[in-house]
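Asks: One structure is given below, represented as structure tokens, and several questions about it will come after.
Since every read-out is calculated from the coordinates, none of them should be taken as a lab result. Since the structure is predicted, the reported quantities are computational estimates derived from the model, not experimental observations. We place every Cβ from the backbone using ideal geometry, glycine too, and count neighbours over all the protein chains shown.
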Amino acid sequence: MTGKERVRAAVRGEAADHLACMPITMMFAADTAGIRYREYASNGEAMAHAQIATAERYGLDYVSSISDPAREASDLGAAVEWFDDQPPAIIESEALLRDKAKLMELRLPDLDAAGRMRDRIRAVGILAEAAGAERMVEGWVEGPAALSADLRGLNTLMLDFYDAPEFVDALVDFVVEMEIGFARAQIAAGATVVGIGDAAASLIGPKFYERFAWKGECRLVKAIHEAGALARLHICGNTRRILADMGRTGADIVDLDFLAPISEARAAMGEEQVLLGNLDPVRAVRDGTPETIAAALAECHRQAGRRYIAGAGCEIPRGTPPENLFAISRYAREHRA
């Protein structure tokens, strides 16, 4: 089977030759390709080549266009700090929506114009042409909580949940509309799965998650499906209190960070939800050994059962020994669902 067929089989609950393997690689991929991370995050062609080199070397079942959470905010005009060999970062003290009234002035970015969103679409197209016959090609969008926090500032957004819920509703509506368009453009370019990164959602508690983020995530998942792709929900951090709602988004694949036990996710989401993860990226993956990684994956697999994809809780960290990533893909090759 190809990697694409293997992932699709996992999602459909069909038999496959072995487990699918979909760990997130960003800085690790840039290092594998021997390029600075600034180039990886700003040059779609360089990113695509790094992803292909990493997937081929380590036997991964997909390639991805994920790079950093500042891409969409950049195109809206947010202040972003760039570094030579680290991911770009939004400057929260200069948040684009420090003044709530500015939301009324925002316009959806032109995805045909030069910008960071267009660069990701370009990367997806290169990945689809070079690897799409063999591997899943993953587009990526920011989720409603994450991008709202990027634009407003996380701490200020937390206060808005209490003080200005109508403003948050309007902000989430704008964000979701923008990300639906961005997801559709990536799917048109060749993405067969779209990841939704909504890290801030793990910080806001179940009440506000359902009130604001969850509804937006559901809209994104629905739009991704209607455009013909699979949806992958990735929420970093401790998601234990929102696991059931994450399973109700309709996402085909739900990632679990190491703080959220797979056994709890399985109990909350049911037997049919595909789960991915949840090795501790630092202690288990970067600082472990091939033997300890295999044992940890076996426990993840045991807790998840048959609807499982091998991977870490989040990004494979820079500095991970090559043999440790090989250990993840080797476990996948040697085991069936």
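Asks: Viscosity 1.567 mPa s, temperature 4 °C: give me the Stokes-Einstein translational D for the range 1-149 in µm²/s, with Rh taken as the Kirkwood radius over C-alpha pairs.
Replies: 78 µm²/s
Asks: Continuing with this model, one more query. Between ALA30, ALA113, ALA188, where does the largest GNM mean-square fluctuation fall for the chain, given springs only between Cα atoms within less than 10 Å?
Replies: So, out of ALA30, ALA113, ALA188, the one fluctuating most is ALA113.
Asks: Relative contact order, percent, of the range 3-334 when contacts are C-alpha pairs under 8 Å separated by at least 6 residues?
Replies: Across the range 3-334, relative contact order equals 19 percent.
Asks: Check VAL274: other-chain or 5+ apart residues with amide H under 5 Å from its amide H, H built from backbone geometry?
Replies: So VAL274 has HN proximity to VAL254.
Asks: Quote the FRET efficiency, to the nearest 0.05, computed for LEU108 versus ASN238 with a Förster distance R0 of 51 Å and r equal to the Cβ-Cβ distance.
Replies: Between LEU108 and ASN238 the formula returns 0.95.
Asks: Follow-up question, since we're still on this one. For LYS207, give me every one of the aspartates and glutamates with a C-alpha distance below 13 angstrom, ignoring sequence neighbours fewer than eight places off in its own chain.
Replies: Filter leaves ASP245.
Asks: Turning to a different aspect of this structure: Semi-axes of the chain's equivalent ellipsoid from the Cα gyration tensor, sqrt of 5 times each eigenvalue, largest first, rounded to whole Å?
Replies: Values: eigenvalues 177, 102, 68 Å².
Rounded to whole Å, the semi-axes are 30, 23, 18.
Asks: From the phi angles alone, apply the Karplus equation (6.51, -1.76, 1.60; θ = phi - 60°) to the range 319-331 and give each ³J(HN,Hα) in whole Hz, x where the residue is Gly or Pro.
Replies: x, 5, x, x, 5, 6, 6, 4, 5, 5, 5, 5, 4
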